[in-house]
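Report on one structure; see the data block that follows.
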Amino acid sequence: MKIGDKYRLRDISSRQWAKLASALGLDESATMSRVTHLASLIPEHVHRICDRIRQDRCLHPIVEVLHSSLAERAVDCMKTLES
């Protein structure tokens, strides 16, 4: 999915979200606030989902890999949004 004029997640910054908001006729400030809020929720949701998976006795190592990878990526995205 294209955000602004970028496809790669690592290339999407606040500027790209502002471009998307403008193209869609949305308020840029409200859009950025919403995107930042949603991004801030990801680490906690990932943690809860992985806890549920473990409670269901799924102890496959990929669960831990996904947990750490997704949480780290969310932090990186938040840093990018703040720039």
Subject >> Distance in nm between pseudo-label sites at VAL65 and HIS37 (7 Å out along the Cβ direction from Cα) >> reply: 3.5
Subject >> Reachable lysines from LYS19, criterion Cα separation under 17 angstrom, eight or more residues apart if same chain >> reply: LYS2, LYS6
Subject >> Loop-resident sites, the stretch 1-67, for trypsin sites (Lys or Arg not before Pro), counting at most 16 other Cβ within 10 Å (DSSP) >> reply: LYS2, ARG8, ARG57
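Quick one: if the Förster radius is 35 Å, what FRET efficiency do ASP51 and ASP27 give, using the C-beta to C-beta distance and rounding to 0.05?
Values: r = 36 Å, r/R0 = 1.03.
The pair ASP51/ASP27 has a calculated efficiency of 0.45.
Given a Förster distance of 22 Å, report the FRET efficiency between ARG73 and TYR7 from their Cβ-Cβ distance, rounded to the nearest 0.05.
Details: r = 16 Å, r/R0 = 0.73.
Computed FRET efficiency for ARG73 and TYR7 comes out at 0.85.
All of the numbers you see were taken from the coordinates with simple rules; none came from a lab. If you're wondering where the values come from, they're calculated on a predicted model, not measured in any experiment. In this analysis, Cβ positions are derived from the backbone assuming ideal geometry, glycine residues included, and neighbour counts consider all displayed protein chains.
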